[in-house]
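The block underneath contains the structure these notes are about, expressed in structure tokens.
The values are calculated or read from the model by the stated rules, or taken from the named source; none is laboratory data. Source: prediction; values computed, not measured. As a convention, Cβ positions derive from the backbone with ideal geometry for all residues, glycine included, and neighbour counts pool all protein chains shown.
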Amino acid sequence: MRPPTPPRRTAPVGAPRRPTPPRRPAEVPAAKAPAPAPVPAPRPAPAEDAVDRPVVVAPAERWVPQPRPTVLASAERFAERARLQRRLTLRRIAWAASGVVVAAALGWLAFVSPVLALDLAEVEVVGQGTVVDPSAVLGVVAEHDGTPLPRLDTVELRRDVLDVPGVRAAEVSRVWPHGLRIELVSREPVAAVPDAEGFLLLDMEGVQVGRAAEPPAGLPVITVPVDDPDARAMTAVLAVLERLPVELADQVVAASAESEDTVRLTLADGALVEWGSADQSALKARVLLTLRASPASAGASVFDVSAPTLPITRT
């Protein structure tokens, strides 16, 4: 329960009021001394001729609203864009036409004009050996005389050169601006085979590369059965001759075979070599050279190296 509030005391009516003591003024904190104002730098003295010149102050620029574009201004812009587009189109057409003209000129220069035409005087033939006739090769190339080199079909020309007798392989390359280089691999004869009209000259592959009345010097004469099936005896003899070292091949004057396993060689001094098959030809050649150089085989006239690990010599 809240305690009763004591009654407020009031002065009687007409009683003099008690004088109110004067309030003491509140203490005002001392203000800080203001910072000294910066001393402006002294202005330079005006020039003598500018002392009496009046100072003109430019009036403040005011923003003036631009007028809204009119229909006429928009039409002019569209027309200007159209003119610019036409100029760009004409320029592109001009560049394209120029490119076509240049390409046509280059094509005519390379494929039609005689600027790059083949000249037979600048055709070089190398590697003809002792069998291929260079004039026969030039006769094949003569059909293309005057043809521009870019139009010349070198693949077809190579095929025609391979048909020349004695050519085993060929490469044709252009020599700018008017020439050709033809590199040949000739079919060099390695053996002579007697027939009814003389001797056939054969290369390592058994291909006839010529004919002669007498066997050329340095070529061994080969004798094989005429009815040899698949020419196996001939193939074996040619394989042996191909694998002989140079110092031994130069001594061979004749070769014969009844079959592919009975190859015989006749040397320049009359010695007979029983070679056998074409297998182990490198080993047989080393054994034969060793036997012929040995003093123990000085009087031997037959050398059997068909079994190279067990060679036999006979007088």
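Restricting the first member to segment 231-250 and to residues that are under 14 Å from Ala191 (Cβ atoms), and the second to residues that are modelled with pLDDT of 95 or more and among the aromatic types (Phe, Trp, Tyr), the beta-carbon pairs closer than 8 Å and six or more apart or on different chains are Val240/Trp275. Among the residues making up segment 140-152, a single one is surrounded by 12 or more Cβ atoms within 10 Å (Cβ to Cβ) and free of Cβ contacts under 8 Å to residues at least 24 places away in the same chain: Ala142. Where strands (runs of 3 or more DSSP E) sit wholly within segment 255-309, those with at least 1 residues that are closer than 24 Å to Met234 by Cβ, in contact with a Leu (Cβ under 6 Å, 6 or more places away or on another chain) and among the aliphatic types (A, V, I, L, M) occupy 272-276, 302-304. The set of residues from segment 155-186 being within 22 Å of the chain's Cα centre (by Cα) and of a type in the set (Ser, Thr, Tyr) comprises just one member, Ser173.
Consider segment 264-286 and keep the residues that are within 49 Å of the chain's Cα centre (by Cα) and not charged (D, E, K, R). The one that is farthest from Pro194 (Cα to Cα) is Leu283. In the set (1) in a loop (DSSP other than H, G, I, E, B); (2) surrounded by 13 or more Cβ atoms within 10 Å (Cβ to Cβ); (3) among the charged types (D, E, K, R), Arg232 fails one condition alone, (1).
Of the residues that sit in segment 261-298 and are touching a residue at least 12 places away in the same chain (Cβ under 8 Å) and of a type in the set (S, T, N, Q), which one is surrounded by the most Cβ atoms within 10 Å (Cβ to Cβ)? Selected residue: Ser281.
From the list Glu188, Glu258, the lone residue that is in contact (Cβ under 8 Å) with a residue 12 or more places away in the chain and under 30 Å from Leu152 (Cα atoms) is Glu188. Return a yes/no flag: does segment 243-260 have any residue that is among the acidic types (Asp, Glu), crowded, with 19+ Cβ neighbours inside 10 Å and in contact with a helix residue (DSSP H, G or I) (Cβ under 7 Å, 6 or more places away or on another chain). The answer is yes; a qualifying residue exists.
So for segment 141-150 (the condition being of a type in the set (D, E, K, R), within 29 Å of Ala191 (Cβ to Cβ) and either in contact with a His (Cβ under 7 Å, 6 or more places away or on another chain) or not assigned by TED's automatic domain parsing to the domain that holds Glu205 (or both)), does at least one residue qualify?
Within segment 141-150, none of the residues are of a type in the set (D, E, K, R), within 29 Å of Ala191 (Cβ to Cβ) and either in contact with a His (Cβ under 7 Å, 6 or more places away or on another chain) or not assigned by TED's automatic domain parsing to the domain that holds Glu205 (or both).
Condition check for Val140 on (1) under 28 Å from the mean Cα position of the chain (by Cα); (2) assigned to a helix (DSSP H, G or I): one failure, at (1). Against the test of being assigned to a helix (DSSP H, G or I) and not assigned by TED's automatic domain parsing to the domain that holds Ala257, the options Val132, Val172, Val161 yield a single qualifying residue, Val161.
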